[in-house]
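The values are calculated or read from the model by the stated rules, or taken from the named source; none is laboratory data. All figures in this text were calculated on a predicted structure; none of them were measured in a lab. Backbone-built Cβ (ideal geometry, glycine too); neighbour counts: all protein chains shown.
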Amino acid sequence: MILVYVFWFVLAMLIHELGHLAAARACGVRATELGIGWGPPLGGFKYGGVEFCLRALPVGAYVRLDVEELQRRRLSRQVFVLLAGVLVNLAAAELARGTWFGAMNFLLAATNLLPLYQQDGWKCGMVIIRAALRRRSALVEWSFTVAGGGASLALFAAQALRHL
């Protein structure tokens, strides 16, 4: 049974990352790699200039974007690329409502919106802060990261206590 959950989760991560990749392409931002999992590579292939790679641990996924190209885009395009995975997961969750696949997509979308370090919500917050300040500020970015992590942990704790 656990393998079924792992399969649905990996599939949800794949469509999440494909959402980022499609949005990046639409906005003219180059991507060099889409990886599922972490650790040593198990295999992969190259298609359309992107290396698709399956890694040993099916925990997490990523699209390696050309960050400099992304940062040269308007703020709305940057946010679109960063939130595209969440939008795809929400659409899949709605289409598969009432199934494990729907639940996995909703969970993945919800957790990616949190301002936890390196999650999509955190990345969007950072680009918005930088645009608002019109510069980088290590103190502000550090404060956002710590506060976002604290708020996310408080949300998790509140949910856990609610279910006791």
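Summary table below
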read-out	value
Close pairs (6 angstrom Cβ cut-off, 6 or more residues apart or separate chains): in contact (Cβ under 8 Å) with a residue 24 or more places away in the chain in segment 135-164, aromatic (F, W, Y) anywhere	T145/Y117; G148/W122
Residue, nearest to Y5 (Cα to Cα), within segment 35-81, restricted to residues that are free of Cβ contacts under 8 Å to residues at least 40 places away in the same chain and acidic (D, E)	E51
Selection count where residues are outside any strand (DSSP E or B) and within 12 Å of L65 (Cα to Cα), scope segment 19-38	10
Of all residues in segment 67-104 being more than 16 Å from I15 (Cα to Cα) and touching a Leu at 6+ places or on another chain (Cβ under 9 Å), the one that is surrounded by the most Cβ atoms within 10 Å (Cβ to Cβ)	Q78
Lone qualifier among T99, T32 - being free of Cβ contacts under 8 Å to residues at least 12 places away in the same chain, β-branched (V, I, T) and not assigned by TED's automatic domain parsing to the domain that holds Q119	T99
Extreme residue, surrounded by the fewest Cβ atoms within 10 Å (Cβ to Cβ), among residues of segment 1-23 that are farther than 18 Å from A109 by Cβ and of a type outside the set (V, I, T)	M1
Residue list for segment 1-29, restricted to those being of a type in the set (V, I, T) and without any contact (Cβ under 8 Å) to a residue 12 or more places away in the chain	I2
Selection within segment 105-164 - closer than 29 Å to V10 by Cβ, among the hydrophobic types (A, V, I, L, M, F, W, C) and in contact with a Gly (Cβ under 7 Å, 6 or more places away or on another chain)	L113, L114, L116, W122
The lone exception for Q118 - which of (1) in contact (Cβ under 8 Å) with a residue 24 or more places away in the chain; (2) out of contact with any Asp or Glu (no Cβ under 7 Å at 6 or more places or on another chain); (3) not hydrophobic (A, V, I, L, M, F, W, C) it fails	(1)
